[in-house]
Amino acid sequence: MSTEDNALISLVYTSTASAPFRETALAHLLDQARVLNAARDITGMLLYRGERFIQVLEGPAHIVRRLARTIGQDARHRDMRILMDEPIEERRFDDWTMGYRKLQDDREGAPAGFRDSFADLEDAAERSTTLRALAELTLWFRVRAGQDLAA
């Protein structure tokens, strides 16, 4: 196996759930993912809103890319799109085998000019928009996780 295969990467994808996920189904999926990810040295974050997933996977390149192919073939997903696949020096989510947040879809009540980082990341055509939205969601996620630990 080459050094390139073992280099750390961050892969971000978006997909649509083939059917709505109930909280129990999401909990089961997360339990499985956390066990498997810990064994594979994968870390990351999963966001779910309105039947849409955005997931960040971090780890050795060959393992992350194999996992992404497996997810892409999973019948629970459709329309999977890789938004970013790049080498990283260090992990953003080294504390989480799979951090998770379910987001409320409250865009209808949003004030004029409101920018939605979830939608920006999902719909981004430009790399700069993808990177900005990912940074915002990462910060948001870390702040929420810290609040949960403090509670």
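General remarks:
- Members of segment 44-100 found to be small (G, A, S), modelled with pLDDT of 85 or more and part of a strand (DSSP E or B), listed by number: G44, G59
- Boolean, R52 is under 23 Å from L137 (Cβ atoms), among the charged types (D, E, K, R) and crowded, with 17+ Cβ neighbours inside 10 Å: yes
- Of all residues making up segment 66-91, the number that are out of contact with any strand residue (DSSP E or B) (no Cβ under 7 Å at 6 or more places or on another chain) and either closer than 15 Å to L8 by Cα or of a type in the set (D, E) (or both): 4
- Members of segment 36-51 that are in contact (Cβ under 8 Å) with a residue 12 or more places away in the chain and over 11 Å from the mean Cα position of the chain (by Cα): N37, A38, R40, D41, I42, R49, G50, E51
- Single residue of segment 1-23 satisfying the filter (β-branched (V, I, T) and modelled with pLDDT of 85 or more) that is surrounded by the fewest Cβ atoms within 10 Å (Cβ to Cβ): T16
The values are calculated or read from the model by the stated rules, or taken from the named source; none is laboratory data. The structure presented is a predicted model; accordingly, all values stated were derived computationally and were not measured. Heads up, the Cβs are rebuilt from the backbone with ideal geometry, glycines too, and the neighbour counts pull from every protein chain shown.
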